[in-house]
Amino acid sequence: MFLTASAAVFVGIGFALQTFFQDIISGILMILDQSLHVGDIIEVDGKVGQVTEIKLRSTRMKTRNDRIMIIPNNKFMTDPLFNWTQNSKINREQVSVGVAYGSDVNLVKKILEQCVEGVNGVVTTKSILVLFEDFGDSSLNFSVYFYVQNGMESPIIQSEIRFKIDEAFRRNKIEIPFPQRDIHIIN
């Protein structure tokens, strides 16, 4: 009986040590290959945050909601990681909107460009790109692409742009449609 219980305890300790050593080896590899730095903005499991500390066993990041997320280092070796700032400190973002069929698409493009220009946090040296994305079920779909200086502030910048778009569309009588369906009743 004692032998069975101790075997179960040793198996549990073995699994715990395996994970512990995976974390440490992953931490050493991360430090050596410089794939992650303090200050980088990363996305892990759908959460975006800024790396605040890299240790041998775990990495800490501060999310956009000011929460600290502790990530075991072996997660970086097994799961996809998006490093938003590896290539550059600026990030490309977008805001998408649909307009009613029959809208002046050239006016929509011009308004979207103007709504992004002058927003605090948008990089002015990079070009603003407006794409007519698709013909939707109820709308003509557009996206405006732009660069931001700080990816942690992207939601605030995108929100400000959306407010400006809504105001400009109202002023220019461009309608943002709601989904519409036709119902046919057969007797």
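Would you please give the FRET efficiency between L32 and Q114, computed as 1/(1 + (r/R0)^6) with r the Cβ-Cβ distance and R0 = 41 Å, to the nearest 0.05? Here the calculated transfer efficiency is 0.30. Rolling a 1.4 Å sphere over the protein heavy atoms, what is the accessible area per residue of segment 55-104, to the nearest Å²? Accessible area per residue, segment 55-104: 62 Å².
Accessible area ranking (1.4 Å probe, heavy atoms, ligands and nucleic acids excluded), largest first, for Y101, Y147: Y101, Y147.
When the accessible area of the chain is computed with all protein chains present and a 1.4 Å probe, what percentage of it is carbon and sulfur? Mind dumping the intermediate values first?
On the way: 6970 of 12390 Å².
The value for the chain is 56 percent carbon and sulfur by accessible area.
Residues whose amide H lies under 5 Å from that of D40, counting only those 5 or more places away or on a different chain, are V51; hydrogens are built 1.01 Å from N in the peptide plane. Seen against the Cα atoms of the chain and their longest principal axis, helix 154-171 is set at about 10 degrees. In order along segment 81-89, phi translates into HN-Hα couplings of 10, 9, 9, 5, 10, 5, 8, 7, 7 Hz, rounded to whole numbers, per the Karplus curve 6.51 cos²θ - 1.76 cosθ + 1.60 with θ = phi - 60° and x for Gly and Pro.
For K89, the aspartates and glutamates whose Cα falls under 16 Å of its own Cα, not counting residues fewer than eight places away in the same chain, are D40, E43, E153. In the assembled protein chains, E113 presents an accessible area of approximately 50 Å² (probe radius 1.4 Å). The modelled label-to-label distance between R162 and S88, using points 7 Å beyond Cα along the C-beta direction, is 2.5 nm. Note on exposure: T125, T19 ranked by accessible area (1.4 Å probe, complete protein assembly) read T125, T19, with the most exposed listed first. Under 5 Å from the amide H of V48 lie the amide H atoms of R64, each residue being 5 or more positions distant or on a separate chain, with H modelled from the backbone and absent for Pro and chain starts.
Grab the Cα-Cα distance for R60 and H184, subtract it from 0.36 nm times how many residues apart they are, and report the gain in nm with one decimal. Don't skip to the end; give the middle numbers.
Values: separation 124, 0.36 × 124 = 44.64 nm, distance 5.64 nm.
Gain in length upon complete extension: 39.0 nm.
On alpha-carbon atoms, Rg over Rh for segment 15-128 using Kirkwood Rh?
Values: Rg = 19.7 Å, Rh = 16.9 Å.
Checking Rg against Rh, the ratio lands at 1.17.
The values are calculated or read from the model by the stated rules, or taken from the named source; none is laboratory data. Keep in mind that this is a model prediction, so the values were computed, not measured. Neighbour counts are summed over all protein chains in view; Cβ atoms, including those assigned to glycine, are modelled from backbone coordinates with ideal geometry. SASA here: full protein model, heavy atoms, side chains in, ligands and nucleic acids out. Shrake-Rupley method; radii C 1.70, N 1.55, O 1.52, S 1.80 Å.
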